[in-house]
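Each reported figure results from applying straightforward, stated rules to the coordinates on display, with no laboratory input. A quick note: this is a predicted structure, and the numbers were derived from the prediction, not measured. Cβ placement follows ideal geometry from the backbone for every residue including glycine, while neighbour counts extend to all protein chains displayed.
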Amino acid sequence: MQSNGDEIIELEWAQTNTDYPFHPGQLSDGTLRFISLATALLQKPSAPVMLFDEPELGLHPNALNVLAGLFKQASYHTQIIIATQSATLLNNFDAENVVIINRNNGESMLSRLNEESLAEWLESYTLGELWQKMF
């Protein structure tokens with residue numbers, strides 16, 4: 001990464017065993033999304049809250065596990081709010097860290113999951129599987 005002096009960051013990647021650099025236009029959308037999300041999460045803390053809407057879009061399922069780790073790491077210094085429909089991403093978090101938002105009579109109703117009340121279910125299912133079956 002280098003600045004060209006106009007406050008624009010230029011990116012290029014080198015592949016092992018080749019001198020040919022890759023530029024962003026040669027990378028998949030999912031790769032670019034992951035790099036963007038990781039860059040945002042690995043910055044020095046500057047915002048008290050960071051909001052991510054469906055960060056799973058376009059990402060390989062295995063990348064979601066890495067991304068979840070980055071969310072957890074960033075949550076030590078910044079409040080992280082994630083809106084997701086991904087069972088795979090949800091599986092990386094504990095029930096008490098999940099808030100469900102339902103629309104009821106035109107109002108948004110928030111409820112925090114309770115690990116104790118789900119304990120019996122969590123013996124047989126992952127949190128993501130429960131989300132798909134129950135919510």
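Key figures
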{"item": "Among P45, P61, P24, residue whose mean-square fluctuation peaks in a GNM of the chain (springs only between Cα atoms under 10 Å)", "result": "P24"}
{"item": "Difference of contour (0.36 nm per residue) and Cα-Cα distance, I8 to S117", "result": "34.2 nm"}
{"item": "Cα-Cα pairs of the range 19-133 separated by more than 24 Å (percent)", "result": "36"}
{"item": "Exposure proxy order (Cβ contacts within 10 Å, fewest to most) of K44, K133", "result": "K44, K133"}
{"item": "Degrees between helix 61-74 axis and first principal axis of the chain (Cα, 0 to 90, nearest 10)", "result": "90"}
{"item": "L57 versus T18: modelled label distance in nm, points set 7 Å from Cα along the beta carbon direction", "result": "2.9"}
{"item": "Residue-averaged 222 nm ellipticity for the chain, from DSSP H runs of 4+ at -39500 (n - 2.57), nearest 500", "result": "-10000 deg cm²/dmol"}
